[in-house]
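One structure is given here, and the rest of the page talks about it.
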Amino acid sequence: MVKVGFLGTGLMGQPMAQRLLDAEIPVVAYNRTLSKLEPLKDSGAETTDSAADAIAAVDCVILMLADADAIRQVALSDSCQEALKGRTVIQMGTISPRQSQDIQNQIVAVGGEYLEAPVLGSIPQVKDGKLQVMVGASEDQFQKWQELLKNFGEPLLMGPVGTAAATKLALNQLIASLTAGFALSLGFVKRQGVDVDKFMELLRDSALYAPTFDKKLNRMQDSNFADPNFPLKHLLKDINLFLSEAKAEGLEASSLAGVRQVVEKAKNAGLADEDYSSLYSGINQTLG
Ligand code: NAP
């Protein structure tokens, strides 16, 4: 059976590694903040304070790190580069297509293999094994690794490295734009004295409705953004990645640039680590 190195056991990585352990797949876990490894250790994972040791001990390494800088610092350090030879890296965080291709090139140059498998869905979907797993890889890599990826949800081969990263950014652009659009309309009807229940009743019956609106309604109504599944700072990262790729492609993306201003306003008000629906505060309160 394949032995998996898991680098990055934050909000998503910890329950994802737990899914592997639940399937009796041996895991060697590394995280910069060592205390976050404790639940996995209690569940039978080997843990280590060295990413290079984790890589050297396994066949396949899953990365669930915050961003491309974290990947370079954790998995592409001098000590890791040697260990990567002959190993396969599956990158599952949200980074841009160009960042993913750069990282692929670096790993291939030291004799490793690389595929990307970013995910849509959050902690509840991890726990249920219902993530949507977008795979950027060759057909052969997909055939080889899809059984492992099925522990997280149903994998879909999008195309070569870069295509899955691009798809993930396109989806997160929708998260940002839909949430900001809903927050603006919600703030507007409240200030206009419209009954929110009646507004929601109409919205739910219309073609404009998206399920994410109801998922975020109570948080926005109560200004309760604690215990996030997906923090605002990561949505801002993804907005910035999307804007930079869109610019390179010659797309007019100023609608999303407007959303970025709102998200930055919420971040500057101290909400970076709160749920991303806190962008509502950037729209509906006088912040900063
Ligand atoms: P998170 O809780 O913030 O975890 C980030 C991980 O990256 C932690 O292990 C953190 O280590 C590590 N890290 C960050 N900067 C580092 C650095 N400079 N050096 C070493 N390690 C570093 O984030 P998450 O929610 O699990 O998300 C992980 C990735 O998945 C992100 O790309 C995110 O956009 C994406 N994603 C998240 C969700 C979601 O719902 N949360 C859904 C889909 C995709 P420490 O513990 O030491 O800080």
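The values are calculated or read from the model by the stated rules, or taken from the named source; none is laboratory data. In this text, all values refer to a predicted model and were calculated from it rather than measured experimentally. Methodologically, a virtual Cβ is constructed for each residue, glycine included, from the backbone with ideal geometry; neighbour enumeration extends over all protein chains shown. Only protein heavy atoms, including side chains, enter the accessible area calculation; ligands, DNA and RNA are left aside. Shrake-Rupley method; radii C 1.70, N 1.55, O 1.52, S 1.80 Å.
The smallest convex shape that holds all Cα atoms of region 179-221, its convex hull, gives 64 Å³ per residue.
With the cut-off at under 16 Å, measuring from each backbone N in region 238-264 to a point 7 Å along the Cα-to-Cβ line of R98 picks out 238-253.
By DSSP, the beta bridges lying fully in region 4-159 are antiparallel in about 10 percent of cases.
The alpha carbons of region 166-287 stretch over 43, 33, 24 Å along the principal axes, in descending order. Among 184-193, 61-70, sorting by the average number of other beta carbon atoms lying within 10 angstrom of each residue, highest first, gives 61-70, 184-193. Between A269 and S177, the distance separating the two model label sites (each 7 Å from Cα on the Cα→Cβ line) works out to 2.4 nm. Of the GluC sites (Glu not before Pro) found in region 183-271, those in coil by DSSP whose Cβ has at most 10 other Cβ atoms within 10 Å are E249, E252. Per residue, region 80-145 exposes an accessible area of 42 Å² to a 1.4 Å probe, with every protein chain left in place.
Label point of L251 set 7 angstrom out along Cα-Cβ; within region 81-104, amide nitrogens under 12 Å from it belong to 97. Scalar couplings 3J(HN,Hα) for region 207-218, obtained by applying the Karplus form with A = 6.51, B = -1.76, C = 1.60 to θ = phi - 60°, are 6, 7, 6, 10, x, 4, 4, 5, 4, 9, 4, 5 Hz; x denotes Gly and Pro.
Across region 253-264, rounded Karplus estimates of 3J(HN,Hα) from the backbone phi angles (6.51 cos²θ - 1.76 cosθ + 1.60, θ = phi - 60°) give 10, 5, 4, 6, 4, x, 4, 4, 4, 5, 5, 5 Hz, Gly and Pro being marked x.
Taking the alpha carbon gyration tensor of region 1-43, multiplying each eigenvalue by 5 and rooting it gives semi-axes of 16, 10, 9 Å, largest first. Distance between the pseudo-spin-label points of K215 and F199 (7 Å out from Cα toward the beta carbon): 2.1 nm. Counting only DSSP beta bridges whose two residues both lie in the chain, roughly 15 percent are antiparallel.
Each peptide in 5-15, 35-45 gets a packing score, the mean of other Cβ atoms within 10 Å over its residues, and the list from highest to lowest is 5-15, 35-45. Among Y30, Y114, Y209, which one shows the biggest mean-square fluctuation in a GNM of the chain, springs joining Cα atoms closer than 10 Å? Among Y30, Y114, Y209, the largest mean-square fluctuation in the Gaussian network model of the chain belongs to Y209. Take the residue pairs K36/K168; K198/K265; K3/K150; K36/K265 and return only those whose Cα atoms are more than 18 Å apart. Beyond 18 Å between Cα atoms: K36/K168; K198/K265; K36/K265.
Along the axis of the charge dipole computed for region 1-124 (Cβ charges of +1 for Lys and Arg, -1 for Asp and Glu, origin at the Cα centre), the listed residues T48, T33, N105 are led at the positive end by N105. I want the local charge near A253. Using Cβ-Cβ distances under 14 Å, sum +1 for each Lys or Arg and -1 for each Asp or Glu among the other residues. Residues close to A253 contribute a combined charge of -2.
Convex hull volume of the C-alpha atoms in the chain, normalised per residue: 140 Å³.
Take region 1-82, drop everything but the C-alpha atoms, weight them equally and run the Debye formula without solvent; then report log10 I(q)/I(0) at 0.12, 0.13 Å⁻¹ to two decimals. The Debye formula, applied to the Cα set alone, gives -0.28, -0.33. Measuring nothing but protein heavy atoms, the accessible surface of the chain at 1.4 Å probe radius is 49 percent carbon and sulfur. Note on region 132-288: with charges restricted to the Cβ of Lys and Arg (+1) and Asp and Glu (-1), its dipole about the Cα centre is near 380 debye. For S138, project a label point 7 Å along Cα to C-beta. Then give me every residue of region 162-202 with its amide nitrogen under 18 Å of that point. 162-164, by backbone N distance to the label point. When the scattering of region 141-225 is computed by the Debye formula from its Cα atoms alone, each counted once and equally, what is log10 I(q)/I(0) at q = 0.15, 0.16, 0.25 Å⁻¹? For region 141-225, the Cα-only Debye profile gives -0.71, -0.76, -1.24. Extents of region 4-159, taken as max minus min of Cα coordinates on every principal axis and listed largest first, are 36, 33, 24 Å.
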